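Presented below is the structure to which this report refers.
The values are calculated or read from the model by the stated rules, or taken from the named source; none is laboratory data. Remember, predicted model here, so these are calculated numbers, not experimental data. So basically every Cβ, Gly included, is an ideal-geometry build from the backbone, and we count neighbours across all protein chains shown. All accessible areas refer to the heavy atoms of the entire protein, side chains included, with ligands and DNA or RNA removed. Shrake-Rupley method; radii C 1.70, N 1.55, O 1.52, S 1.80 Å.
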Amino acid sequence: MRQLIAVFVALFVAILTLSGCAGVRMIDSEVRAISTLPAVNPVIQGNYRFDRLPLQNTPDIQADAQRIEALAQAALARHGLTREDAQARYGVQLGARLQMREWRRPGSALASPWWPGDWMGHGFINLNRPGTGVGFGMSFPPSYLYQYELSILIRDLATTQVLFESRAVHEGPWSDTSTVLTALFEAALKDFPNPPAGVRKINVEIPR
């Protein structure tokens, strides 16, 4: 068992080293999207506004909502959509949640070298959480395992019809939330405006 643990640790450090040398890391996510938007770009290109839920306007969350909207705005711009609150054609609603659980030493010889504990907390993502440890906002062994959930909903303001909805989930040791969310927005909008049906695994490379 000690040899197995040593191999696990050596392999993990090697992966981190190679990732650092390459200057990139891979953020994997599970994505599911549904769309009724037309495929012709001139038709879908237009203005939008962000529509917040009431809790997203509370003082303790509003600042994070603004930061997440800034990331979404950059991602949507790459797909031909422009924010224009006064003359919006679409309403965009965002959702973001972060859960984390502590990694602890195993309680038995049959357990893995490091084992995730129970989920400790959840809530609207705090973008002020700093990254620590061995690069990329991660410590080794990792102190916590982070699960990010991101959702995007686009509604026609004239008809209130939902035209596009996408959800992306990522679980890993990375605590630099802005960087991870950037990758999740890219994954959630993959093949926009007409993504294929079903659940997909999408990998996004993030610069170091």
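What's the FRET efficiency of Val199 with Arg52 using the Cβ-Cβ distance as r and R₀ = 35 Å, to the nearest 0.05? Write out the running numbers ahead of the final one.
Values: r = 28 Å, r/R0 = 0.79.
So the FRET efficiency works out to roughly 0.80.
Once fully extended, how much extra length lies between Gln161 and Thr82, figured as 0.36 nm per residue of separation less the alpha-carbon to alpha-carbon distance?
26.5 nm
Take Glu171 and Gln99, extend 7 Å from each Cα along the Cα→Cβ direction, and tell me the distance between the two endpoints in nm.
0.8
For Phe50, Phe164, write out the residues from largest to smallest accessible area, computed with a 1.4 angstrom probe and no ligands counted.
Details: Phe50 25, Phe164 0 Å².
Ranked from most to least accessible, the order is Phe50, Phe164.
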